[in-house]
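The values are calculated or read from the model by the stated rules, or taken from the named source; none is laboratory data. What you are looking at is a predicted structure, and each value in this text was computed from that prediction instead of being measured. Neighbour counts are summed over all protein chains in view; Cβ atoms, including those assigned to glycine, are modelled from backbone coordinates with ideal geometry. Just the protein is used for accessible areas: all its heavy atoms, side chains included, with ligands, DNA and RNA removed. Shrake-Rupley method; radii C 1.70, N 1.55, O 1.52, S 1.80 Å.
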Amino acid sequence: MGKKLYIETYGCQMNVADSEVVVSIMAGSGYTSTDEINEAELILINTCSIRDNAEQRIWGRLTAMSHLKKKNRNLKIGVIGCMAERLKEKLLETEKLVDIVVGPDAYRELPGLVAEAESGHKAVNVLLSREETYADISPVRMDKNGVSSFVSIMRGCNNMCAYCVVPYVRGAERSRNTESIISEAKELFDSGYREVTLLGQNVDSYNFESGSRTINFSDLLEEVSGIDPLLRVRFSTSHPKDISDDLLRTIARHDNICKHIHLPAQSGSSRILELMNRGYTREWYMDRVSAIRSIIPDCSLSTDMITGFCSETDDEHRDSLSLMEWAGFDFAYMFKYSERPGTRAARKYSDDIPEEVKSVRLSEMISLQNKLSARSKRQDLGKVVEVLAEGFSKRSKEHMSGRTSQNKVVVFPAEEVRKGDYASVVIERCTSATLLGKLTF
Ligand code: SAH
Ligand code: SF4
Ligand code: F3S
């Protein structure tokens, strides 16, 4: 009987994919993962530092875990991921509960570090790497549906957006070996998966030298889509400064490359975009959206927006709203600016927009997006869509839930459809988050 590992994951999809790598590495030294925190001998918390509230949540979790150590004296607790990288040894000083601190590029060292902790020493490794991509490690899938999975294609980020902590906690950008990506996607397909999402902070800058050939993201996408017409391919995140017409044409050419692009705008004001060091203007962003609309007419579009960035005026806030309205985003993640220590914005600009103003701007943005999202769903009424069934709906075993190529959630009476099947559904109604329909043949 191996020891039991309980892993809890916060933050972005990249962390979800990393946790699967970590479980695989720990399995190599006899740990099996459990869903029962009370029976664990090792707890790992894979953390996020993107905004202050992300870190506060993790501090809260650590405090809540202290009673577990009283019950089980052998229990070891490790903090891994982005917050481990940002705070390093400080985590051990401020939180006596923590035994192990491991950054995102040092997961191969985990078994040794856990052994060190077991022998009574605190263990830390937060070295970042220029090469590590964990290409050879087969992640242990922890998703519950067995239909869609993440595949990491690169790590780190070279962009240095002024507000962002990612380049500091994830290191320099590096692309994973193309062959290992393709073989991982093939294995997923062979074991029944029907959708892969290729992950990177800026997938458009994927670049891998293979012999005399240089493989860019468009080439990679084409190769993954060639595995099987029944394998859907998604990707995230695209960067407005780098998304090319060549890539858009590749997406348009293949039915199984999903017609959805997550294209974070962050702001609609060119002055703020410049301060953010995003590398594009409002006009450039609009040009990219126009290119998407003309090359892939049925493409859905989502975005990330930040409100209340340093020195943002009311007019500049309205520029963000007008850009959202113009683009008609189907979906958006919206955040109040949160200053991150060490970033360029923290060093050079003052976080001068009062909290109340940030809150008002954020709620204006959210109510606008609610309208845009509702409109996007209404436009689907009466359409026949192809849905990849992911499993029973939350509410009933008689209904299936799945997504369209455009990444919209659809619920429909299951009848004979099983998870992993493609179903043709006519959309009859919608709620705020979901399209509802019935099977059509
Ligand atoms: N690589 C992706 C985003 C990664 S972080 C990209 O460039 O689009 C996810 C989102 O968190 C960002 O798009 C941004 O909207 C938000 N974000 C990042 N840093 C932030 C900060 N300091 N305060 C508020 N939101 C932030
Ligand atoms: Fe952060 Fe910018 Fe890199 Fe995205 S592209 S991870 S926002 S630095
Ligand atoms: Fe958070 Fe790290 Fe992702 S900071 S958003 S978990 S890359």
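Exactly one condition in (1) in a loop (DSSP other than H, G, I, E, B); (2) open to solvent by 60 Å² or more (accessible area, probe 1.4 Å); (3) more than 22 Å from MET334 (Cα to Cα) is false for ALA433; which is it?
Result: ALA433 passes all but (3).
Considering each of VAL151, VAL165, VAL124 in turn, give the residue that is open to solvent by 10 Å² or more (accessible area, probe 1.4 Å) and among the hydrophobic types (A, V, I, L, M, F, W, C).
Exactly one of VAL151, VAL165, VAL124 is open to solvent by 10 Å² or more (accessible area, probe 1.4 Å) and among the hydrophobic types (A, V, I, L, M, F, W, C), namely VAL124.
Within the set of pairs 6+ apart or on separate chains, which have a first residue in the range 54-76 that is touching a residue at least 40 places away in the same chain (Cβ under 8 Å), a second that is surrounded by 10 or more Cβ atoms within 10 Å (Cβ to Cβ) and β-branched (Val, Ile, Thr), and C-beta atoms under 7 Å apart?
Within 7 Å, the pairs are ILE58/ILE45; ILE58/THR47; ARG61/ILE45; LYS76/ILE100; LYS76/VAL114.
When you go through (1) within 25 Å of VAL101 (Cα to Cα); (2) buried (at least 17 other Cβ atoms within 10 Å of the Cβ) one by one for ALA172, which number turns out not to apply?
(2)
Here is a check on your reading of the model: is ARG282 in contact with a Gly (Cβ under 6 Å, 6 or more places away or on another chain) and buried (at least 19 other Cβ atoms within 10 Å of the Cβ)? Talk me through it step by step, then tell me what you get.
Numbers: in contact with a Gly (Cβ under 6 Å, 6 or more places away or on another chain): yes; buried (at least 19 other Cβ atoms within 10 Å of the Cβ): yes.
Here the answer is yes, as ARG282 does meet what is asked.
For (1) at pLDDT 95 or above; (2) among the charged types (D, E, K, R); (3) touching an Asp or Glu at 6+ places or on another chain (Cβ under 8 Å), each residue gets a yes or a no:
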position: SER29; (1), (2), (3): no, no, no
position: SER49; (1), (2), (3): yes, no, yes
position: HIS67; (1), (2), (3): no, no, no
position: MET83; (1), (2), (3): yes, no, yes
position: ASP105; (1), (2), (3): yes, yes, yes
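Looking only at helices (runs of 4 or more DSSP H) that lie completely in the range 234-307, which have at least 2 residues being more than 15 Å from ligand 2 (Cβ to nearest atom) and within 28 Å of GLY156 (Cβ to Cβ)?
It comes to 245-253, 282-295.
So in the range 251-279, with the set limited to residues that are surrounded by 20 or more Cβ atoms within 10 Å (Cβ to Cβ) and among the hydroxyl-bearing types (Ser, Thr, Tyr), which one is nearest to ligand 1 (Cβ to nearest atom)?
Step by step, filter the range 251-279, then rank; the result is SER267.
Quick one: count up the residues across the range 147-167 that are β-branched (Val, Ile, Thr) and within 14 Å of ligand 3 (Cβ to nearest atom).
2
Considering each of ARG234, ARG194 in turn, give the residue that is in contact with a Gly (Cβ under 8 Å, 6 or more places away or on another chain) and open to solvent by 10 Å² or more (accessible area, probe 1.4 Å).
Only one candidate qualifies: ARG194.
Looking at the range 295-315, can you tell me whether even one residue there is surrounded by 18 or more Cβ atoms within 10 Å (Cβ to Cβ), hydrophobic (A, V, I, L, M, F, W, C), within 16 Å of ligand 3 (Cβ to nearest atom) and at pLDDT 95 or above?
The answer is yes; a qualifying residue exists.
Is it fair to say SER424 is open to solvent by less than 30 Å² (accessible area, probe 1.4 Å), over 30 Å from LEU273 (Cα atoms), among the hydroxyl-bearing types (Ser, Thr, Tyr) and not in a helix (DSSP H, G or I)?
Here the answer is no, as SER424 does not meet what is asked.
Would it be correct to say that GLY60 is over 24 Å from ALA135 (Cα atoms) and in the same structural domain as ILE37 (by TED's automatic domain parsing)?
yes
Which pairs turn up if I take residues in the range 288-310 that are among the aromatic types (Phe, Trp, Tyr) and look for partners that are assigned to a loop (DSSP other than H, G, I, E, B) with beta carbon separation below 8 Å, at least 6 apart in sequence or on another chain?
Close Cβ pairs satisfying both conditions: PHE309/TYR163; PHE309/SER267; PHE309/MET276; PHE309/TYR337; PHE309/ILE353.
Mind listing whichever residues of the range 139-185 are among the basic types (Lys, Arg) and either at pLDDT below 95 or part of a loop (DSSP other than H, G, I, E, B) (or both)?
ARG141, LYS144, ARG176
Just the residues that are within 24 Å of the chain's Cα centre (by Cα) and farther than 25 Å from HIS254 by Cβ, please, taken from the range 402-431.
VAL411
Looking at the range 342-363, can you tell me whether even one residue there is under 20 Å from the mean Cα position of the chain (by Cα), outside the structural domain of SER49 (by TED's automatic domain parsing) and buried (at least 22 other Cβ atoms within 10 Å of the Cβ)?
Initial filter on the range 342-363 (under 20 Å from the mean Cα position of the chain (by Cα)): none.
Checked against the condition, which is being under 20 Å from the mean Cα position of the chain (by Cα), outside the structural domain of SER49 (by TED's automatic domain parsing) and buried (at least 22 other Cβ atoms within 10 Å of the Cβ), the range 342-363 yields no hits at all.
Taking the residues in the range 374-387 that are surrounded by 19 or more Cβ atoms within 10 Å (Cβ to Cβ) and assigned to a helix (DSSP H, G or I) as candidates, determine which candidate is nearest to ligand 1 (Cβ to nearest atom).
SER376
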